[in-house]
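Every number in this text was worked out from the coordinates using simple rules, so none of it is lab data. Quick caveat: nothing in here was measured; it's all calculated off a predicted structure. Here the Cβ positions follow ideal geometry from the backbone for every residue, glycine too, while neighbour counts run over all protein chains shown.
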Amino acid sequence: MNKLFIHKLLRPKGKVSFIEKLPKNAKILDVGCGNASPYHTKRQRPDLVYYGIDISNYNQQEPERYADRYIITPPENFAVAIEEMEGTFDAVISAHNLEHCDDPARVCSAMMKSLKFGGSLYLAFPCEKSISFPKREGTLNFYDDPSHNYLPKYDHIIYSILANGGCIDFSADRYRPVFGFLAGLILEPFGAILKRNMPYASTWALYGFETIIWATRRA
């Protein structure tokens with residue numbers, strides 16, 4: 001079975017589904033584009049004009065080959081680099097980046113402003129309750145990842161989006177899609193024994209680890 005189909009089935013409001021719905025030849029900014037995101041995004045949608053920005057080459061596969069522009073900038077300049085691209089993109093993706101930022105509020109504001117009017121934002125980050133989840137390889141408890149700097153507050157992020165001219169198209173402070181949740185429930189005995197997350201973010205779906213927000217810039 002096609003992996004993209006499985007992702008869309010288990011996580012209909014996940015990153016793969018967001019990317020699929022973008023207009024043809026859309027220009028996108030991937031904020032925190034590690035884990036081979038340029039490769040995976042362009043394999044899914046070769047037509048997209050892809051810009052990626054990060055603070056280092058984290059788990060990449062030839063990013064310069066797949067990204068139309070690939071930006072590495074120091075952490076203290078991260079928000080500034082995004083601010084310099086105001087009004088540029090049809091879509092912005094930020095999948096598990098905010099929790100690593102030195103100034104997440106400024107980064108969130110900069111991402112909204114980097115969108116064209118009518119442009120779309122995808123945000124995913126650990127939910128506030130994840131500080132009490134079990135510890136697992138692959139991160140289930142917020143503190144499993146020592147590079148996490150900041151636990152995003154759902155209400156604060158929603159406020160920042162609205163304050164910067166956005167409207168909320170979809171939001172879930174603990175994203176628990178039905179099929180993903182069921183897959184996580186079936187696989188949880190193995191995850192608990194092995195102390196690791198199960199495939200296709202099914203463990204995250206079971207616990208509601210992720211906050212996911214889709215938004216549009218209207219003003």
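Label sites at ASP169 and ASP68, each approximated as a point 7 angstrom past Cα along Cα to Cβ, lie 1.8 nm apart.
For the stretch 1-75, the dipole from Cβ point charges (+1 on Lys and Arg, -1 on Asp and Glu) about the Cα centre works out to 420 debye, to the nearest 20. Loop-located trypsin sites (Lys or Arg not before Pro) in the stretch 1-87 (DSSP state other than H, G, I, E, B) with a sparse environment of at most 14 neighbouring Cβ atoms within 10 Å: LYS21, LYS24.
Seen from THR211, the other residues with C-beta closer than 14 Å to its C-beta sum to a net charge of +2, counting Lys and Arg as +1 and Asp and Glu as -1.
Assuming charge only on the beta carbon of Lys and Arg (+1) and of Asp and Glu (-1), the dipole of the stretch 150-205 about its Cα centre is about 240 debye to the nearest 20. In the stretch 99-219, the alpha-carbon atoms span a convex hull of 94 Å³ per residue. Taking Cβ atoms as reference points and 15 Å as the exclusive limit, the residues near ILE161 contribute a net charge of +2, counting Lys and Arg as +1 and Asp and Glu as -1. Taking label points 7 Å from Cα along the Cα-to-Cβ direction, ARG176 and SER147 give a separation of 3.0 nm. Taking all Cα-Cα distances within the stretch 180-219, those exceeding 14 Å account for 48%. Note on ASN77 and LYS24: the extension gain reaches 16.0 nm, defined as 0.36 nm multiplied by sequence separation minus the Cα-Cα distance. Among the helices of the chain, those built from whole DSSP H runs whose Cα atoms reach 18 Å or more along their own axis and whose mean Kyte-Doolittle hydropathy is at least 0.5 are 178-194. For LYS116, the aspartates and glutamates whose Cα comes closer than 18 Å to its Cα, not counting residues fewer than 8 places off in the same chain, are ASP30, GLU83, GLU84, GLU86, ASP90, ASP169.
Charge tally for ILE28 (other residues, Cβ to Cβ under 10 Å; Lys, Arg +1; Asp, Glu -1): -1. When the C-alpha to C-alpha distance is required to be over 24 Å, the pairs from LYS13/LYS42; LYS8/LYS42; LYS24/LYS153; LYS3/LYS135 that qualify are LYS24/LYS153; LYS3/LYS135. Each listed q (0.16 Å⁻¹) maps to a log10 I(q)/I(0) for the chain from the Debye sum over equal C-alpha point scatterers, namely -1.13. At a threshold of 8 angstrom on Cα-Cα distance, excluding pairs fewer than six apart, so keeping six or more, what relative contact order does the chain reach in percent? The value is 19 percent. Scaled against the 2.2 N^0.38 Å expected of a compact globular protein of N residues, the Cα radius of gyration of the stretch 1-82 reads 1.12. Considering only PHE170, THR211, PRO74, and ranking their Cα positions along the charge dipole of the chain that arises from unit charges at the beta-carbon of Lys, Arg, Asp and Glu, the one farthest toward the positive end is PHE170.
Quick check for me: using +1 on Lys/Arg Cβ and -1 on Asp/Glu Cβ, what's the dipole size of the stretch 9-131 about its Cα centre, in debye to the nearest 20?
Dipole size: approximately 660 debye.
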